[in-house]
Amino acid sequence: MSTLAPAISEPANVPRHVAIIMDGNGRWAKARGLPRIAGHQRGAEAVREAIKGCIELGIGVLTLFAFSSENWRRPAAEVSHLMTLLQVYVRRELGELAGAGVRVSFIGDRGGLPRETQELLRHAEQETAANRRLLLQVALNYGARRELVEACRKIAIEAVAGRIDPAQIDEASIATRLETAGVPDPDLLIRTSGEKRLSNFLLWQVAYGELLFMDTLWPDFTRQHLRQAVDEFQQRERRYGAVSA
Ligand code: FPP
């Protein structure tokens with residue numbers, strides 16, 4: 001995945017859901033002698049590219065890992081900048097996203113976010129709730145293990161109340177209590193910057209997803225990279241544990 005290839009995507013086999021771990025903002029900035037926040041700013045522009053690319057390709061869901069529950073460990077100034085950048089981005093882009101038929105939704109522990117941010121997220125979700133062209137899920141203060149713990153807690157509460165028989169608990173019992181309930185699992189998960197980890201992102205949902213690690217740093221990501229990733233996805237054979245035909 002190091003060079004750009006011409007797009008050869010087959011429309012019939014486009015992934016329904018693409019998830020992206022946007023990584024490499026800091027290294028992009030460092031390589032240019034810029035502060036890390038400059039990398040995040042350019043990263044926000046790459047988000048526009050990813051969204052446009054998904055619309056062009058007919059991808060139904062795009063999930064972006066914008067801030068993990070572990071990212072609070074970063075210097076306070078960087079965390080504060082990321083929160084501000086996100087708010088600025090949502091305010092600036094909301095009209096265009098809504099006009100393009102994008103439904104925006106946020107997953108993660110929003111109770112831990114600044115109140116002002118929480119209100120903005122709610123507003124963005126309400127404004128775009130009826131849109132159906134692309135579902136843009138932004139993971140903010142998100143951690144997959146916490147999401148799974150919460151789902152288990154909900155099941156336990158219902159079991160104690162006698163509404164769930166423990167013998168009947170199955171995969172659907174968990175999937176329907178995740179924050180992504182009702183959304184198809186990612187077919188393709190992309191991580192940029194050469195790192196090859198899931199970093200506590202959508203651990204349940206990517207069980208059968210194709211994983212694609214690109215060397216490109218996130219601020220350099222364009223819709224051409226997305227096309228290239230989809231092309232590679234289309235060349236892979238997904239067997240879900242079965243044998244080849
Ligand atoms: C990882 O790069 C990136 C992040 C933790 C933040 C991602 C945020 C954005 C792209 C900003 C805007 C987002 C939206 C949805 C509008 P890193 O800082 O870990 O890079 P490094 O590994 O090179 O240090």
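Results, tabulated for the structure shown:
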item	result
Helices (runs of 4 or more DSSP H) wholly inside segment 100-175 containing at least 1 residues that are under 16 Å from the mean Cα position of the chain (by Cα) and closer than 17 Å to residue 51 by Cα	115-128
Selection count where residues are in contact with a Leu (Cβ under 7 Å, 6 or more places away or on another chain) and at pLDDT 95 or above, scope segment 113-130	3
Selected residue (only one of 44, 50, 19, 7 is near the ligand (Cβ under 8 Å from one of its atoms) and either at pLDDT 95 or above or not in a helix (DSSP H, G or I) (or both))	44
Residue ID - farthest from the ligand (Cβ to nearest atom), chosen from residues in segment 22-41 that are assigned to a loop (DSSP other than H, G, I, E, B) and more than 25 Å from residue 205 (Cα to Cα)	33
Tabulated pairs, segment 88-112, first on the phi > 0 side of the Ramachandran plot, second more than 12 Å from the ligand (Cβ to nearest atom) and modelled with pLDDT of 95 or more, C-beta under 6 angstrom, 6+ apart or interchain	101/131; 101/133
Hey, residue 179 under 21 Å from residue 70 (Cα atoms) and in contact with a strand residue (DSSP E or B) (Cβ under 7 Å, 6 or more places away or on another chain) or not	yes
Count of residues meeting criterion [over 19 Å from the mean Cα position of the chain (by Cα) and either part of a strand (DSSP E or B) or within 10 Å of the ligand (Cβ to nearest atom) (or both)] in segment 53-78	2
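The values are calculated or read from the model by the stated rules, or taken from the named source; none is laboratory data. Keep in mind the model is a prediction, meaning the values are calculated, not measured. Cβ coordinates were reconstructed from backbone atoms using ideal geometry, including for glycine residues, and neighbour counts include every protein chain displayed.
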